[in-house]
Amino acid sequence: PMPVLRCSIASGAALLQKSTVRHRFVRAALIAGATLAVLGGGLKEAWFASFQVEATSRREALAAGLAGFGLLANGLPAEASGGSTAGKYSTIPTAKRRFYGRVRQGLYQYLQMEPAIKNGDFTDPSLDAFFGKNIIKVKGDQSIKNCGFAPKEYCITKEKRTSRWLDFKVASDLLATGFRYDASDVDSRLPQVKLIRACAKKIEKMRDAIDANDVEQVKTLYAQTKIDLSRYVKMVELAPLDSEDYTHEWDTRAKATCTGNFCV
């Protein structure tokens with residue numbers, strides 16, 4: 001507030017009048033404090049920067065310097081850090097925009113496997129669609145721009161693939177960590193993070209059981225993970241597993257919000 005700012009400046013000015021200083025760094029600090037105070041939108045009376053200063057002792061120089069930095073600190077307006085609580089839970093809507101599509105698509109394809117798993121048919125295409133590395137992350141044989149003078153083999157992209165399962169594993173974890181209500185929260189201690197990571201371990205075991213053709217183990221693990229996921233969707237404000245949300249495919253691209261020419 002302006003009264004507090006003026007009080008701080010008045011106190012600093014009184015100290016400076018008693019202890020005039022010639023040190024360059026102190027003079028620079030005072031000028032910087034005055035300038036930033038004005039730029040911060042708080043102080044029009046930046047007259048304190050024009051004090052004539054002469055050094056009498058190192059102690060007085062230090063006192064004046066601290067006063068200058070105090071003016072600088074008090075002159076700046078408080079700004080939000082952009083953390084989890086900035087803008088009232090800004091991390092949560094950001095996580096939703098970035099990961100909802102990928103998580104919904106993963107859940108859709110995971111539920112598509114249920115009939116085949118119940119029938120013990122591990123050759124069903126739905127299993128390969130979920131676990132197989134069918135998603136191209138980086139196209140191969142593409143020229144890399146601004147590659148410079150590197151050998152040709154380093155200027156051509158190599159194809160990178162991932163699976164729907166691996167993508168869902170990453171996206172669901174990131175979405176869970178985004179649901180923080182305090183910047184001091186530790187990701188690994190959040191209940192939704194604990195739940196989805198425990199679920200991911202079970203899905204990994206289920207994939208191994210599919211490779212081993214262990215039908216009963218696969219059925220048991222699928223039933224357990226479905227319960228875990230039904231709890232998870234509530235924690236991250238997604239629709240229940242039996243809703244129509246998971247009866248169709250989703251756009252997995254992050255949703256951007258723009259203000260003028262700036263988009264996030």
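For region 167-205, filtered to residues that are in a helix (DSSP H, G or I) and of a type in the set (Ser, Thr, Tyr), the residue that is nearest to Ala254 (Cα to Cα) is Ser172.
Beta carbons closer than 7 Å, at least 6 apart along the sequence or on distinct chains, pair a first residue in region 135-150 that is open to solvent by 100 Å² or more (accessible area, probe 1.4 Å) with a second that is among the hydrophobic types (A, V, I, L, M, F, W, C) for Asp141/Ile156.
Quick check, is Arg253 open to solvent by 20 Å² or more (accessible area, probe 1.4 Å) and within 28 Å of the chain's Cα centre (by Cα)? Yes; evaluated as a whole, the condition is true for this residue. Against the definition (within 25 Å of the chain's Cα centre (by Cα) and of a type in the set (S, T, N, Q)), how does Ser243 come out, yes or no? Here the answer is no, as Ser243 does not meet what is asked. The requirement of being at negative phi, part of a loop (DSSP other than H, G, I, E, B) and not hydrophobic (A, V, I, L, M, F, W, C) is not satisfied by Ser126. Criterion applied to Asp173, Asp187 was being of a type in the set (Asp, Glu), within 16 Å of the chain's Cα centre (by Cα), closer than 19 Å to Phe99 by Cβ and open to solvent by 40 Å² or more (accessible area, probe 1.4 Å), and the one residue passing it is Asp187.
Taking each residue of region 231-258 that is in a loop (DSSP other than H, G, I, E, B) and looking for partners that are of a type in the set (Gly, Ala, Ser) with beta-carbon atoms closer than 7 Å, six or more apart or interchain, yields Val236/Ala176; Pro240/Ser230; Leu241/Ser230; Trp250/Gly101; Asp251/Gly101; Thr252/Gly101; Arg253/Gly101. Determine if region 221-241 includes at least one residue that is open to solvent by 50 Å² or more (accessible area, probe 1.4 Å), among the aliphatic types (A, V, I, L, M) and modelled with pLDDT under 95. No, that holds for no residue. Against the numbered list (1) crowded, with 17+ Cβ neighbours inside 10 Å; (2) more than 21 Å from Lys133 (Cβ to Cβ), Arg164 comes up short only at (2). The set of residues in region 105-127 being touching a helix residue (DSSP H, G or I) at 6+ places or on another chain (Cβ under 6 Å), without any contact (Cβ under 8 Å) to a residue 24 or more places away in the chain and not aliphatic (A, V, I, L, M) consists of Gln112, Asp124, Ser126.
The values are calculated or read from the model by the stated rules, or taken from the named source; none is laboratory data. For clarity, every value in this text was computed on a predicted model and none was experimentally measured. Cβ atoms come from the backbone with ideal geometry, glycine included; neighbour counts cover every protein chain shown. Heads up: the accessible areas ignore ligands, DNA and RNA and are worked out on the full protein's heavy atoms, side chains in. Shrake-Rupley method; radii C 1.70, N 1.55, O 1.52, S 1.80 Å.
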